[in-house]
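The values are calculated or read from the model by the stated rules, or taken from the named source; none is laboratory data. This is a predicted model, so every value here is computed, not measured. Every residue, glycine among them, receives a Cβ derived from its backbone with ideal geometry; neighbour counts consider all protein chains shown. The protein model used for the area step is the full one, side chains on, heavy atoms only, and it has no ligands, DNA or RNA in it. Shrake-Rupley method; radii C 1.70, N 1.55, O 1.52, S 1.80 Å.
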Amino acid sequence: MRFDTPATTNPIDRMKVVGQPLDRIDGPLKTTGTAPYAYERHDVVPDQAYGWIVGSAIASGRITAMDLRAARAAPGVIAIVTHENAGHLGKGARNVAHLLGGPEIEHYHQAIALVVAESFEQARAAAALLRVEYEASEAKFDLAAAKAAGVGPSEDSPDKTVGDFARAFDAAPVRLDETYSTPDQSHAMMEPHATIAAWDGDRVDVWLSNQMVAWTTGDLAKTLGIPKEKVRLRSPYIGGGFGGKLFLRSDTLLAVLGAREAKRPVKVALQRPLIANNTTHRPATIQRIRIGATRDGKITAIGHESCSGNLPDGKPEEAVQQTELLYAGANRLTGLRLARLDLPEGNAMRAPGEAPGLMALEVAMDEMAEKLGLDPVEFRIRNDTQVDPAHPDRPFSKRQLVECLRLGAERFGWDKRDPRPGQRRDGRWLVGMGMAAGFRNNLLMKSGARVRLDRQGRVTVESDMTDIGTGSYTIMAQTAAEMMGVPVGEVTVRLGDSSFPVSAGSGGQWGANNATAGVYAACVRLRETVAQKAGFNAGDAVFAEGAVQAGNRSVPLSEVARDGELVAEDAIEYGDLGKRYQQSTFAGHFVELGVDAATGETRIRRMLAVCAAGRILNPKSARSQVIGAMTMGVGAALMEALEVDKRRGFFANHDLASYEVPVHADIPHQEVVFLDETDPMSSPMKAKGVGELGLCGVGAAVANAIHNATGIRVRDYPITLDKLIDRLPASV
Ligand code: MOS
C-alpha cells in the first residue's frame, strides 16, 4: 500500500482496541521468565557447544604472533577461531570496524578469537591460555586534543547556513556563546548480545538478540560471502537494545564461524566486560552554541557546531539535528565536525543526535532566558515556528510544542519556581526546578506484514519486526484486532523471524508507527479477500464482532475461512509526505530536584513529560516507554560516562559495577501526559514515534534544575558532585 496522501477516516479511528491501555501480551512471559532470550534457546538445536570471545588487548596496531597450543590442549576444547582459520570475511554494510580482528587491530577489545568448548567454564579457562603478541601503533584517543588540533567541516556533511549567521550574531543585542560537552556512553542493556548458530549444510540458522532482522541478515550474508537466502535469523524476544543491537555484532559472526569450525551448534554471549569496547557506544561530543536575540527575546541568530570522534568510515554524532528545526530565527548555522579517533566505534544509542544535542541546546536556551530576564518557558514559546526555518514553505505536519510547554508548566506548578537560583531550601537540600523542550524526528520507513485468518476465525500476524521491550507484539495485535473486528485475544503475533515479511524494525522510535501501518496494509488486503469470499463489496464491508457485515447480512469470519486459511501480505510504502511536511514529535520536560548543600549530591524529586506524538496506540506501553526514557535522561545528566584511558585507548569502566545507570531508588515520581493528537501525514495509523522523545531534553531539564537549585552552571556532563562541591552556596 502506498501512502502518499494524508490519511482520511479509516477503521483505526474506531479506537475500540487501538488506543486502549492494554497490558502487554508478552508481559506474563516476561514476568515468569518464560520469554526465551537467544542464549536460553536450549530447545532449538541439540548438542550446543559454548563459545568465549577474546578481545584485543591493544587499541591499534597488529598481532605479531598467536600461540594457541595450550588453549587447544585444554580440557573440553573443540575449536578455536581466529583470523588465521576464519577464511576470507567481508564486512557488513553497517559495520565500521571488522568484527573479527587480526592481524590488524582497529580498536581495543576487537574480537580476535573465539574458543569453543564443551562447557562455558572450559571455554573461559582455555581462552585464558591463549598467548598473543602485539605491536601497538601510534593512535589518537583524545577528542578534546583532536578538536584543538583543528577539525573542520567535512565533504560528507558541509555546514548548513540560512541568512547571514555571523553578521546577525555580531549585531544581536543579547548574545550567548558557550561550549558544552557530553561523554562517551554505553547502551548498558540488561541482556548482553547473544547468539546460537547451527549450520545445516550450506545454510545457517541463527537465534540472536537483534533490533533489525533484515539489516543483520543481509550483513551476515555479506560478511560470510553467501546468499542471504542461506541465512535465517530469529530474534523474537530482546532484553533491551538501545541502538547497541541495530547491527550484526561479533557474538553473531563468531558463533556462526565457531559452529562451522566445530561442526556443531555454538552459543555465544558477549561477556559483559567486553560490551563497552567490543560493540558500539554513543560518542562524546563537544558542542559550541551561539544564540543572538533581540532584547524582547526573539532569536535572530542561532548557531550550533558539534564535534565528535570516530574510527575511519564512522559517522559523526548528529547532535545539531534539532537545532535546525526547533526554534525560529532568520540566520542560522549548523555543522558537524568529525575527528578521527581510534576508540571503539561510535554509533546510534538511545535517540542519537537529539539526545546529546538537546543536552547542550536546551541548557543554552535556559542561559539565554536568564540573560534576557525571561521565563524559560516563555522564551521558548516566543521562538516557536510552525515551519521548517530553512524552508518556510515546508510546514510541520503537526507541531504542538507550545501546548506541551504550557500544559506542562501548569501541571508541574512552574509558577512556584523562584527564578532566582539558590533560594529554596528544604533542610539540607537546595531545591530547584528546571525544564526543557523535547524534540525528536518521526521517520517513515517501509514496513511489511502478513496476516492469516484461520478456520476458527483467529488472526495471525507475521513480520520480522522486533519487540525490544517496547510493546510491538501488543500494538501490532491491537492493529490487527481493530482492522479485522476481532477481540485482541483472537490475534497471535509472531515476530523477529527473517522468513517473515521485512518490517521497519526497531530503532530511532520509528518502530511503532511504521510496523503497525504495515499490519494495517496487510489487513486491508485480507479484508478485501474476506469481503470477496463472503460476496460483499470490499468498500461496504464492516468488520466487527468476529464477523464481516454489509447491509443486513453478517457472516462470521470463521465461516468465511471455512474452506481453509486466508492469507494476505502487504507493506506500507511512503510517498513524499515526509519531504513535503516536517514530521517531528514534541515534549515539555519538567524536573524538580534537590542538591545536598554539603556534598553536592543531586536527588531527583519529581519529573513530568508532556508529549505530542500523534495517536498514542497504547497509552500504557507508551507511558512505559516514556518513563524508561526519562530515566535514561537522568542517567545521562547525572551518572553515565565511559571514562577514556587516553594512553591505551579504551573505556576503563567497562562493566555494570563501574558504568553507572539509575536504579529504582534514583527515580522518584514520574508523570507522563500525552496530548490528544492524530497526525494524518504520518501513516494510516496517524501515529508517530514516542519512545525516544521521552529522553530528548530530560538531561538539560536536570541541568537547568541544578542551576536553579544552586546557581551553578555545569556545561560538562555528567553533573557529578565533584563538579558542584567547590562552588556550592555557603551552608547556613
Ligand atoms: Mo535506537 S538508538 O535508533 O535503537
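General remarks:
- Stretch gain in nm, segment residue 394-residue 179, where the contour uses 0.36 nm per residue and the Cα spacing is subtracted: 74.3 nm
- In this structure region 164-316 gives 31 Å² per residue of accessible area when probed at 1.4 Å with all protein chains present.
- Simple label model, 7 Å out from Cα along Cβ direction - residue 605 to residue 492, nm: 5.3
- Å² of accessible area per residue within region 529-589, as computed with a 1.4 Å probe and no ligands counted: 48
- Calculated FRET efficiency for the pair residue 598/residue 655, C-beta based, R₀ 45 Å, to 0.05: 0.90
- Ellipticity at 222 nm from helices only: DSSP H runs of n ≥ 4 in the chain, each -39500 (n - 2.57), divided by the residue count, give -7000 deg cm²/dmol.
- Label point distance in nm, residue 43-residue 161, each placed 7 Å from Cα along Cα→Cβ: 6.3
- Surface accessible to a 1.4 Å probe, residue 643 within the full protein complex, Å²: 100
- If R0 is taken as 30 Å, the Cβ-Cβ distance between residue 646 and residue 131 corresponds to a FRET efficiency of 0.60.
- Å² per residue, accessible surface of region 1-98 at 1.4 Å: 51
- Virtual spin-label span in nm between residue 562 and residue 16, 7 Å along Cα→Cβ: 2.3
- For the pair residue 553 and residue 620, the difference between a 0.36 nm per residue extended length and the Cα-Cα distance amounts to 20.5 nm.
- At q = 0.11, 0.15, 0.18 Å⁻¹, base-10 log of I(q)/I(0) for region 604-732 (Debye sum, equal scatterers on each alpha carbon): -0.51, -0.82, -1.01
- Shape category assigned to region 421-509 from the gyration tensor of Cα positions, a/c cut at 1.5: prolate
- Computed from the C-beta positions of residue 170 and residue 726 and an R0 of 41 Å, the FRET efficiency is 0.75 to the nearest 0.05.
- For residue 585, nonlocal amide neighbours, meaning residues 5 or more places apart or on other chains whose placed amide H falls under 5 Å from its own, are 440, 441, 442.
- Put simply, the chain fits an ellipsoid with semi-axes of 40, 38, 22 Å; these come from the alpha carbon gyration tensor as the roots of five times its eigenvalues, largest first.
- Rg/Rg_globular for region 391-463, with Rg_globular taken as 2.2 N^0.38 Å and Rg from C-alpha atoms: 2.12
- Placing a label point 7 Å from the Cα of residue 446 along the Cα-to-Cβ direction, the residues of region 554-576 whose backbone N falls under 11 Å from that point are 571-574.
- Carbon plus sulfur fraction of accessible area for the chain, probe 1.4 Å, in percent: 50
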